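Participant: Can you read through this structure? Questions will come right after.
The values are calculated or read from the model by the stated rules, or taken from the named source; none is laboratory data. Remember, it's a predicted structure, so these values are computed and weren't measured experimentally. Reconstructed Cβ throughout: ideal geometry from the backbone, glycine too, with neighbour counts over all protein chains shown.
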Amino acid sequence: MLEAVFKYSFLQNAFIGSILASIACGIIGTIIIEKKIVMMSSGIAHTSFGGIGMGYFLGIEPIMGALVFAVSAALGIVTINRKSRENTDVLIGMFWSLGMAAGVLFIAFTPGYPPDISSYLFGDILTVTRTDIWIMLVLDAIIAFTLISLYNILKAYLFDSEFSSVVGVKTVFIEYLIFIMIALTVVILIRVVGIILIMALLTVPPACAKLFTYDLKKIILYSILFGMLFCFAGLWMSYELQIASGASIIIIAGLIYLFLRIVTRRKLRNIV
Amino acid sequence: MQKAIEIENLSVYYNDVCALSDVNLTVLEKEFLGIIGPNGGGKSTLIKTILGLIKPSSGSVKIYGKEPGSEQRILGYVPQFLKFDRNFPINVMDVVLMGRLPAGCPLFHRYTKEDREIAETMMEKLGIHELKERQIGQLSGGQLQRVLIARALAVQPKIILLDEPTSSVDSTSKHQIYELLKKLNEEITVIVVTHDTEAVSSHIKSLACLNTRLFYHGAPELDNETIQQVYGCPVELIAHGVPHRVLKKHEGDE
């Protein structure tokens, strides 16, 4: 497979895409796991399907439509969640289904042959373009900058937002910021693993990382590395077996987590 | 003496549910105030309104004459520790350092040497210094409670507010915590929400009884009638092992 990587630019794009996606996933996945907003993130991911449909309908880059929808959904969920005491689960359910319904309608109204939407649902890392890479690079830079520049404050917010607010941290701002970053990450991941499988790539790497350390910085770092490992292994499997790349990545991730879980538990028991 | 907290005609509603109604309360500087009342009586709501976490529906809260939230380093807050995720990847030192967080969201903030020294001092004060590298899941309830107090003190506040600091800690820790609060009270104002009226009775200087309305505020001496009003049921004033045991020894007991 290695010589093929040097030969074909689509494989190079796939590798670069994997790395960029893993960076975003490692950071944001750790945040959503620690803040326990995995389902909210999933809601945002699925809502963005509406944006992809809109992109096709208006004839703009579908990923841009997804970006608009994901950010709007993120802002909507936080705002309604803050203002009303409505059950967040209900809210997520509504955004989720409404977004997907909008996507289906937009695509139905798009003139001509219906576009192939399965690559957005299940991802196809082999179709990642140079434009996608540039978009991912910019979004990664934004996410990494935010994490590094606000690390202490983010960590405090994640652990105890009330106390942070009492000492004067602008927690409302941080909350919106986190949700916007989730939206950005979702958009990055749509191309790589697709809407349906996004949650796996956000949650499995941090879950693996947490088996090894209690240090937030290390969890993020290990998550990024695990993400890369999953993507490369999945890519290889999909290339060798001629099967869907998104699903391969996720299956590999799940199996590795299971394996680590069993191994580390044994190790932990020995130590204790 | 100066007024630390001044609450006037405060009401707080959650949608249509009234949590606090027409509360008037003045806390003087260096007061040691215990707030008691039944569950759902608005104790935590009152604390959070003072902290600026909840906006009053009507009425006003003033802390040293200013709105809550505008004065950053006056209040130290010790929340109920049961609400924490004990698996969160953070160690004791980092929790205590949260007390040194800056206001706003400055970019590239790093804790200074002075911040670390203050955190270390507070940890020593609470006897948790040797635990500073521990992840919080590896602490006992009493230890975590002391970590949270150390964090509130790292703010170097003028007023410290504690929400049920002695629930789910053993009696030795409980005693230590109250001894510590008593010592702190020599310099700062202490407000404690508690069910543990037995411990409070030997330490606090004043008492507030809260059940949506404020029924009593004054010296920690209560009669049966007030208690009955607050809790809505007759409660034995003192009896071991009874949840609502309150303060004054009444005749014929024990």
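Participant: Looking at A:ILE31, A:ILE80, A:ILE52, A:ILE92 in this structure, which one is part of a helix (DSSP H, G or I) and at pLDDT 95 or above? If you could, list the steps in order and put the result at the bottom.
Facilitator: Working: A:ILE80 fails: at pLDDT 95 or above; A:ILE52 fails: at pLDDT 95 or above; A:ILE92 fails: at pLDDT 95 or above.
So the residue among A:ILE31, A:ILE80, A:ILE52, A:ILE92 that is part of a helix (DSSP H, G or I) and at pLDDT 95 or above is A:ILE31.
Participant: Which residues, taken from the range B:23-49, are in contact (Cβ under 8 Å) with a residue 60 or more places away in the chain, more than 22 Å from B:GLN2 (Cα to Cα) and in a loop (DSSP other than H, G, I, E, B)?
Facilitator: Selection gives B:GLY37, B:PRO38, B:GLY41, B:GLY42.
Participant: Could you tell me whether B:ASN91 is at negative phi, within 12 Å of another protein chain (Cβ to nearest Cβ), in contact with a strand residue (DSSP E or B) (Cβ under 6 Å, 6 or more places away or on another chain) and not aromatic (Phe, Trp, Tyr)? Break it down into steps so the answer makes sense when it comes.
Facilitator: Working: at negative phi: yes; within 12 Å of another protein chain (Cβ to nearest Cβ): yes; in contact with a strand residue (DSSP E or B) (Cβ under 6 Å, 6 or more places away or on another chain): yes; not aromatic (Phe, Trp, Tyr): yes.
So B:ASN91 passes the test.
Participant: Does A:ASP160 satisfy the condition of being charged (D, E, K, R) and at pLDDT 90 or above?
Facilitator: Values: charged (D, E, K, R): yes; at pLDDT 90 or above: yes.
Here the answer is yes, as A:ASP160 does meet what is asked.
Participant: Could you tell me which of the residues A:LEU258, A:LEU221 is hydrophobic (A, V, I, L, M, F, W, C), surrounded by fewer than 16 Cβ atoms within 10 Å (Cβ to Cβ) and in a helix (DSSP H, G or I)? Even if it seems obvious, please write down each step before you answer.
Facilitator: Working: A:LEU221 fails: surrounded by fewer than 16 Cβ atoms within 10 Å (Cβ to Cβ).
After ruling out the rest, the residue left standing is A:LEU258.
Participant: Can you tell me which of B:ILE54, B:ILE63, B:ILE35 is more than 22 Å from B:VAL96 (Cβ to Cβ), in contact with a helix residue (DSSP H, G or I) (Cβ under 6 Å, 6 or more places away or on another chain) and within 14 Å of another protein chain (Cβ to nearest Cβ)?
Facilitator: Details: B:ILE63 fails: in contact with a helix residue (DSSP H, G or I) (Cβ under 6 Å, 6 or more places away or on another chain); B:ILE35 fails: within 14 Å of another protein chain (Cβ to nearest Cβ).
Being more than 22 Å from B:VAL96 (Cβ to Cβ), in contact with a helix residue (DSSP H, G or I) (Cβ under 6 Å, 6 or more places away or on another chain) and within 14 Å of another protein chain (Cβ to nearest Cβ) holds for just one of B:ILE54, B:ILE63, B:ILE35, which is B:ILE54.
Participant: I'm told B:CYS18 meets every condition in (1) within 22 Å of B:GLY76 (Cα to Cα); (2) surrounded by fewer than 22 Cβ atoms within 10 Å (Cβ to Cβ); (3) in contact (Cβ under 8 Å) with a residue 60 or more places away in the chain except one. Can you identify the failing condition by its number?
Facilitator: All conditions are met except number (1).
Participant: Out of everything in the range B:84-123 that is of a type in the set (A, V, I, L, M, F, W, C) and assigned to a loop (DSSP other than H, G, I, E, B), what residue ends up being nearest to B:SER140 (Cα to Cα)? Can you show your working first?
Facilitator: Step one: list which residues in the range B:84-123 are of a type in the set (A, V, I, L, M, F, W, C), which gives B:84, B:88, B:90, B:92-93, B:95-98, B:101, B:103, B:105, B:107-108, B:118-119, B:122-123.
Those left that are additionally assigned to a loop (DSSP other than H, G, I, E, B): B:84, B:88, B:90, B:101, B:103, B:105, B:107-108.
Details: B:PHE84: 13, B:PHE88: 15, B:ILE90: 15, B:LEU101: 25, B:ALA103: 31, B:CYS105: 32, B:LEU107: 35, B:PHE108: 33 Å.
So, considering only residues that are of a type in the set (A, V, I, L, M, F, W, C) and assigned to a loop (DSSP other than H, G, I, E, B), the one nearest to B:SER140 (Cα to Cα) is B:PHE84.
Participant: Counting only residues that are assigned to a helix (DSSP H, G or I), of a type outside the set (Val, Ile, Thr) and farther than 24 Å from A:ILE250 by Cβ, how many does the range A:95-143 have?
Facilitator: Of the range A:95-143, the ones assigned to a helix (DSSP H, G or I) are A:95-109, A:118-122, A:125-127, A:130-143.
After this cut, where a residue has to be of a type outside the set (Val, Ile, Thr) as well, the list is A:95-103, A:105-106, A:108-109, A:118-122, A:126, A:130, A:132, A:134, A:136-137, A:139-141.
Narrowing further to those that are farther than 24 Å from A:ILE250 by Cβ: A:98, A:101-102, A:105-106, A:108-109, A:130, A:134, A:141.
Residues that pass the stated criteria total 10.
Participant: Against the condition in contact (Cβ under 8 Å) with a residue 40 or more places away in the chain, within 10 Å of another protein chain (Cβ to nearest Cβ) and not in a helix (DSSP H, G or I), how does B:ARG73 come out, does it pass? Talk me through it step by step, then tell me what you get.
Facilitator: Working: in contact (Cβ under 8 Å) with a residue 40 or more places away in the chain: yes; within 10 Å of another protein chain (Cβ to nearest Cβ): yes; not in a helix (DSSP H, G or I): yes.
Yes, satisfied.
Participant: Does at least one position in the range A:159-180 carry a residue that is under 24 Å from A:LEU121 (Cβ atoms) and either at the interface with chain B (Cβ under 7 Å from one of its Cβ atoms) or β-branched (Val, Ile, Thr) (or both)? Give the steps one after another, and end with the answer.
Facilitator: At the first step, the residues of the range A:159-180 found to be under 24 Å from A:LEU121 (Cβ atoms) are A:179-180.
This time we only want the ones that are either at the interface with chain B (Cβ under 7 Å from one of its Cβ atoms) or β-branched (Val, Ile, Thr) (or both), so: A:180.
Within the range A:159-180 (the criterion being under 24 Å from A:LEU121 (Cβ atoms) and either at the interface with chain B (Cβ under 7 Å from one of its Cβ atoms) or β-branched (Val, Ile, Thr) (or both)), the answer is yes, since at least one residue qualifies.
Participant: Tell me which of these A:THR203 doesn't satisfy, since it passes every other one: (1) within 14 Å of chain B (Cβ to nearest Cβ); (2) touching a residue at least 12 places away in the same chain (Cβ under 8 Å); (3) not in a loop (DSSP other than H, G, I, E, B).
Facilitator: (1)
Participant: Determine which member of the set A:PHE163, A:PHE179 is in contact with a strand residue (DSSP E or B) (Cβ under 9 Å, 6 or more places away or on another chain), closer than 30 Å to B:GLY69 by Cα and part of a helix (DSSP H, G or I).
Facilitator: Details: A:PHE179 fails: in contact with a strand residue (DSSP E or B) (Cβ under 9 Å, 6 or more places away or on another chain).
The match here is A:PHE163.
Participant: So in the range B:116-143, with the set limited to residues that are touching a residue at least 24 places away in the same chain (Cβ under 8 Å) and within 12 Å of chain A (Cβ to nearest Cβ), which one is surrounded by the most Cβ atoms within 10 Å (Cβ to Cβ)?
Facilitator: Looking at the filtered set, the residue picked out is B:ILE136.
Participant: From (1) of a type in the set (A, V, I, L, M); (2) part of a helix (DSSP H, G or I); (3) in contact with a Cys (Cβ under 7 Å, 6 or more places away or on another chain), pick out the condition that doesn't hold for A:VAL169.
Facilitator: The single condition A:VAL169 does not satisfy is (2).
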